[in-house]
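Colleague: Okay, handing you the structure first.
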Amino acid sequence: MSLEQQLLRMQVDGWCILEGIIPEDCIAGVREHVQTATEKHRNPKAPDRIGHVSGFINFDKSLAPYLADRRMLDLVEEMLGPYSRISFTSATINEPGNARSGWHADWPFNQNNGGHIPAPYPDAVVHLTTIWMLTPFSGENGGTLIVPGSHRSPDNPTADNGVPPGEPYATEMNVSGNAGSVLVMDSRLWHATAANTSADPRVAVVVRYAPWWLNLDVLKPDSADRQRMVDETGRNENMVPQIPGAVYDGLPDDVKPLFRHWLV
């Protein structure tokens, strides 16, 4: 797809796929690094049969050379403006037998989070979720479930909008795609973890992009905003570990500006 076609898909459907961002001869190596790091650092509080690691860039930089790929940043900057930055990096592996999750929209639209934009949402793109496919995505191996066009709704099932979060939705679909491709979603889009009924893991890394003006401080450990909005209220919120200088120094030069705000 051309950039113009990508933008139209994002406007109308809330998602598109960028093909071949990771070169074919590099996919297996990146996948192996991601699986090894995930097994070593996986979150023990993650749902059963989900390999999850927050702040993944601190543990593995194998994906870093592709995060500033011009095809990716052209779309990000058209939607979010210049000086965009990365807000999250999370390894997410759907292992065989994992359960389907509930419908939700990502931060900052998940109404269960301490830091969220209250519904009804303004009709504006303020955050992008990208899922980097390191194995092919299919309906059998847990390709992400989405509801096309749901990003145009003023709320989502986490806001008690009448849609049961745990039940199938009439227009839902599994995203399918080739390894090395990237699923790009408006973070307002309703989506869910799909069950993996295959014999193999579905390996991915989730990377989210934010505009320069979006306040990320509630995600930072020990920040004043986090204390006020999470610690003092008892609400849950994602936590993104900051990046030590040694990790930052090892990033490609064109990727460093995307992470500078996380530098310790």
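Colleague: State which residue is farthest from the chain's Cα centre (by Cα) when the search covers only the stretch 81-101 and only residues that are aliphatic (A, V, I, L, M) and crowded, with 21+ Cβ neighbours inside 10 Å.
Modeller: Among them, the one singled out is 93.
Matching residues to (1) hydroxyl-bearing (Ser, Thr, Tyr); (2) surrounded by 17 or more Cβ atoms within 10 Å (Cβ to Cβ); (3) more than 18 Å from the chain's Cα centre (by Cα):
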position: 142; (1), (2), (3): no, yes, no
position: 150; (1), (2), (3): yes, yes, no
position: 164; (1), (2), (3): no, no, yes
position: 176; (1), (2), (3): yes, yes, no
position: 199; (1), (2), (3): no, no, yes
position: 202; (1), (2), (3): no, yes, no
position: 212; (1), (2), (3): no, no, no
position: 218; (1), (2), (3): no, yes, no
position: 222; (1), (2), (3): no, no, yes
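Colleague: Right, something else. Taking only pairs six or more apart or across chains, which ones have beta-carbon atoms under 8 Å, a first residue in the stretch 69-82 that is farther than 12 Å from residue 10 by Cβ, and a second residue that is part of a loop (DSSP other than H, G, I, E, B) and not charged (D, E, K, R)?
Modeller: Final answer for the pair search is 69/21; 71/21; 72/21; 73/84; 77/84; 81/211; 81/212; 82/212.
Colleague: Within the stretch 172-192, can one find any residue that is out of contact with any helix residue (DSSP H, G or I) (no Cβ under 9 Å at 6 or more places or on another chain), under 20 Å from residue 16 (Cβ atoms) and charged (D, E, K, R)?
Modeller: Yes.
Colleague: Give the residues of the stretch 107-163 that are of a type outside the set (A, V, I, L, M, F, W, C), closer than 19 Å to residue 87 by Cα and touching a helix residue (DSSP H, G or I) at 6+ places or on another chain (Cβ under 7 Å), sorted by residue number.
Modeller: 110, 111, 112, 114, 115
Colleague: Still on this model: Looking at this structure, is residue 206 hydrophobic (A, V, I, L, M, F, W, C), at pLDDT 95 or above and in a strand (DSSP E or B)?
Modeller: So residue 206 passes the test.
Colleague: Condition first: assigned to a helix (DSSP H, G or I), touching a helix residue (DSSP H, G or I) at 6+ places or on another chain (Cβ under 9 Å) and not charged (D, E, K, R). Now tell me which residues in the stretch 74-106 satisfy that.
Modeller: If the condition is that a residue be assigned to a helix (DSSP H, G or I), touching a helix residue (DSSP H, G or I) at 6+ places or on another chain (Cβ under 9 Å) and not charged (D, E, K, R), then 75, 79 are the ones that fit.
Colleague: Could you list, in sequence order, all residues of the stretch 245-261 that are touching a residue at least 24 places away in the same chain (Cβ under 8 Å) and either among the aromatic types (Phe, Trp, Tyr) or touching a strand residue (DSSP E or B) at 6+ places or on another chain (Cβ under 8 Å) (or both)?
Modeller: 257, 258, 259, 260, 261
Colleague: Take the stretch 29-45 and flag every residue that is surrounded by fewer than 15 Cβ atoms within 10 Å (Cβ to Cβ) and either aromatic (Phe, Trp, Tyr) or over 15 Å from residue 133 (Cα atoms) (or both).
Modeller: 36, 39, 40, 43, 44, 45
Colleague: Same structure, new question: Among all residue pairs at least 6 apart or on different chains, which show Cβ distances below 9 Å where the first residue, located in the stretch 179-198, is more than 16 Å from residue 9 (Cα to Cα) and in contact (Cβ under 8 Å) with a residue 12 or more places away in the chain and the second is acidic (Asp, Glu) and not in a loop (DSSP other than H, G, I, E, B)?
Modeller: Note: pairs meeting the criteria are 179/24; 180/24.
The values are calculated or read from the model by the stated rules, or taken from the named source; none is laboratory data. These numbers were taken from a predicted model, which means no experiment stands behind them. Ideal geometry is used to build each Cβ from the backbone, glycine not excepted, and the neighbour counts take in all protein chains shown.
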